[in-house]
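The values are calculated or read from the model by the stated rules, or taken from the named source; none is laboratory data. Computed from a prediction, not measured in an experiment: that's the story for all the values here. Cβ placement follows ideal geometry from the backbone for every residue including glycine, while neighbour counts extend to all protein chains displayed.
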Amino acid sequence: MDRTVLVRSDGLQHGISRRLPGNRRGCTGFGGTDSHQATAGSEQPVGSRASRHPALIAEIEIDLAAARATLARTATMADAFFSQHLAGSAPLGELHELMKDFQCTKWFVNRKAIEIVDRALTASGGAGYLTANPLARLYRDVRAGPFMQVFSPNEAFEYIGKVALGIDPRLSD
């Protein structure tokens with residue numbers, strides 16, 4: 001079966017497939033089946049289920065932009081911080097502030113990833129739940145993200161809250 005993934009100019013792939021000439025099975029990915037055909041040289045999916053949900057795709061794009069911006073901001077802050085402090089010489093309070101920002105970013109990006117995949121599954125019309133579809137794996141993977149960090153989600157909230165309130169996060173209640 002011919003299958004195409006739309007690759008944007010920035011290298012990001014959308015799991016959008018299209019029906020190519022000679023493909024009698026229809027689309028996979030976001031597609032399901034459709035009656036339209038795309039020429040082999042076109043870059044846009046034609047007649048796919050995703051193209052019928054531009055508002056969902058717009059929300060995905062907005063969430064991707066927000067997650068990327070948040071991650072870029074935190075990475076820039078960390079780079080600046082560590083370029084100013086030698087290993088082992090950073091003040092503990094400033095390290096806690098940096099870790100708080102990192103934990104906020106981690107939580108935000110994880111939540112956006114879950115929302116993005118949920119929207120992609122909605123746009124797929126259910127095809128994304130099939131084992132062979134990459135969205136099925138993404139669905140499982142993004143839900144593990146919140147647990148793949150130094151803190152569990154509850155511990156991260158406690159840490160963020162304590163640092164924001166000026167309470168030493170090493171102290172337990």
Notebook entry, point to check: Do we have R170 as among the charged types (D, E, K, R) and under 17 Å from the mean Cα position of the chain (by Cα) here?
Noted result: no
Margin query: Taking the condition of being in contact with a helix residue (DSSP H, G or I) (Cβ under 6 Å, 6 or more places away or on another chain) and more than 18 Å from K106 (Cβ to Cβ), how many residues in region 60-89 meet it?
Written below: 1
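A quick yes/no check of all residues on (1) within 26 Å of A78 (Cα to Cα); (2) loosely packed, with under 12 Cβ neighbours inside 10 Å; (3) touching an Asp or Glu at 6+ places or on another chain (Cβ under 8 Å):
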{"site": "E97", "(1), (2), (3)": "yes, no, no"}
{"site": "F108", "(1), (2), (3)": "yes, no, no"}
{"site": "R119", "(1), (2), (3)": "no, no, yes"}
{"site": "G128", "(1), (2), (3)": "no, no, no"}
{"site": "P134", "(1), (2), (3)": "no, no, no"}
{"site": "A156", "(1), (2), (3)": "yes, no, no"}
{"site": "L165", "(1), (2), (3)": "yes, yes, no"}
{"site": "D168", "(1), (2), (3)": "yes, yes, no"}
Note to self: Only one of S89, S124 is loosely packed, with under 13 Cβ neighbours inside 10 Å and either touching a Phe, Trp or Tyr at 6+ places or on another chain (Cβ under 7 Å) or in the same structural domain as A75 (by TED's automatic domain parsing) (or both). Can you tell me which?
What the structure shows: S89
Next item on the list: Among the helices (runs of 4 or more DSSP H) lying completely within region 86-173, list those that include at least 2 residues that are at pLDDT below 90.
Entry: 92-124, 153-164
